[in-house]
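Below is one structure, written out as structure tokens, with a few remarks after it.
The values are calculated or read from the model by the stated rules, or taken from the named source; none is laboratory data. What you are looking at is a predicted structure, and each value in this text was computed from that prediction instead of being measured. Positions of Cβ are backbone-derived with ideal geometry, glycine not excepted, and every protein chain shown enters the neighbour counts. Just the protein is used for accessible areas: all its heavy atoms, side chains included, with ligands, DNA and RNA removed. Shrake-Rupley method; radii C 1.70, N 1.55, O 1.52, S 1.80 Å.
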Amino acid sequence: MPLAITTDLTIDSNQPLQVQLYQQLAQRIIDQRFQPGSQMPSSRQLAADLGISRNTVLAVYDQLKAEGFLQTQSGRGVFVHSDITSVLRSPLGSKTPRRSISALKPKINTLNIDPIRTSDLDNNLPFTPGLPDIREFPIRHWNRVIHHQENRRPLMGYDGMQGYLPLRQAIAGYLRSSRGVHCHADQVIITNGAQQALSLVADIFLQPGDSVLIENPGYRGSRYALGRYGHKLVPVPLKDQVLDVHSLPMAGQAKLLYCTPTHQYPLGGILDLSQRLTLLNWAIENNTWIIEDDYDSEFHFYNKPIAAMQGLLDNSPVLYLGSFSKTMMPSVRIGYLVVPEFLVDDFVAMKRITSGESPLFIQAALTEFIESGQFVRHLRRMRQLYREKWEYFQSLVMTSLADVLTPVAESAGMHLVLEGQFDDLALCHWLREKGFGSAPLSAHFIDGHSEGSHSPRSGLVLGFASANQTQMRNCVELIREWFDAMP
Ligand SMILES: Cc1ncc(COP(=O)(O)O)c(C=O)c1O
């Protein structure tokens, strides 16, 4: 006796019939509402019952037969495969209660990522470290270049893995003239933000047993990327807010050293020329590559920043990286690496494996933005704006918070560290509830927040670039309130 199956099939006239019928029949076979070996109605009958064409039913039956759900018994008709349980010998087909998929969760490397988990919404609160003043971005110029590029058919296909050549040329020119970097376009690799640049370095350089020297405190993004395969991260202390070049270990297995010499992240110190040369000589003697993260050198307010380490010596063992996240906006997701020529192929091959190309329209728009002079104009405006914000915010802090917090100040950048003795994680949480972003200084120390360890220093990292004067005043008042309420 064939199954009477039309009663519980529902056909929605807005969806392709064949797909619906296939899905509904297959689902009933999988969950065994249609028992193995039971007879299906004839295609003619099912078509008539459902009021659809017989060809549709035939096509669905053919597909289910080809996939092993149904079988034809000659002269008798079409049946649910009698051995369907072996076809479906998987948790899906089994009648025994299914284990929850969470039982399949593999062992995952925990990286102890940010103690403050941010939702998508509050990543852009005023005072979020690293966030530029997006309201001041010249959106009309940007729209114009996007509009020019978006209809160009040559940009619709694949491009080179290394990045759009005109953009690499523009970046190389900019780095040579503004940062003293020794490079040409063939040494530039476009990445999806500085974060991908750091990950590529880890992918290419690190072998089992290698360790990585890292500023402490330092940029958490570098820790996550360089430590993700479990390589040992060896903290290098700071002295006067910069990497202490005299406390570097003499020999060892450190393959890489990560640093932010032009504006230490987060404390803001600047390595002077002799310290830079000491560091370079140490790296050469110890066969260690320096990762030079030049993330915000555009924003030095009173002096031109010291030239990049990469360009100080010929053939220096430096992997130089930068990003447009601060100079343009984080969402362009464009960063760059400058590496010696003999490493370029390895980086390009690794990028091919791990991400493929970077978005071509954005690269082309960015090129036009740079070539038209808009980029340098924008930087000049932002440098002036951030300098005013930095001065205003510092003076507010000095007037209202000097008894509890000390600014760790260097006249540069987009964030300010306010140091003091308090539970910085708790204050950051509280500020977030009130609508302000910030980061706890202690979280920038290796071991800063792991159980049983205490960071030697606590404080707030406040990204003033994204805050206006009213927000600065409100935030300072809130911090005052928090300290006044402390027992
Ligand atoms: C030290 C440092 N390096 C690099 C970056 C840029 O990272 P990305 O280009 O991945 O946005 C940041 C951003 O906050 C940073 O603080």
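Overview of values
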item	result
Residue in the range 281-293 that is of a type in the set (S, T, N, Q), more than 16 Å from ALA412 (Cα to Cα) and open to solvent by 40 Å² or more (accessible area, probe 1.4 Å) present	yes
Among the candidates ASP345, ASP294, ASP314, residue that is modelled with pLDDT of 95 or more and farther than 30 Å from GLY463 by Cβ	ASP345
Subset of the range 129-150 [open to solvent by 50 Å² or more (accessible area, probe 1.4 Å) and within 30 Å of CYS428 (Cβ to Cβ)]	ILE134, ARG135, GLU136
Pair list, Cβ under 6 Å, 6 or more apart: the range 217-245 residue closer than 11 Å to ALA202 by Cα and in contact (Cβ under 8 Å) with a residue 12 or more places away in the chain, other residue among the β-branched types (Val, Ile, Thr) and within 16 Å of the ligand (Cβ to nearest atom)	LEU226/VAL212; HIS231/VAL212
Per-region count, the range 263-280, residues within 16 Å of the ligand (Cβ to nearest atom) and either open to solvent by 50 Å² or more (accessible area, probe 1.4 Å) or in contact (Cβ under 8 Å) with a residue 40 or more places away in the chain (or both)	8
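Yes or no, residue by residue, for (1) within 16 Å of the ligand (Cβ to nearest atom); (2) assigned to a helix (DSSP H, G or I); (3) of a type in the set (Gly, Ala, Ser):
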position: LEU343; (1), (2), (3): no, yes, no
position: ALA349; (1), (2), (3): no, yes, yes
position: SER358; (1), (2), (3): yes, no, yes
position: GLU368; (1), (2), (3): no, yes, no
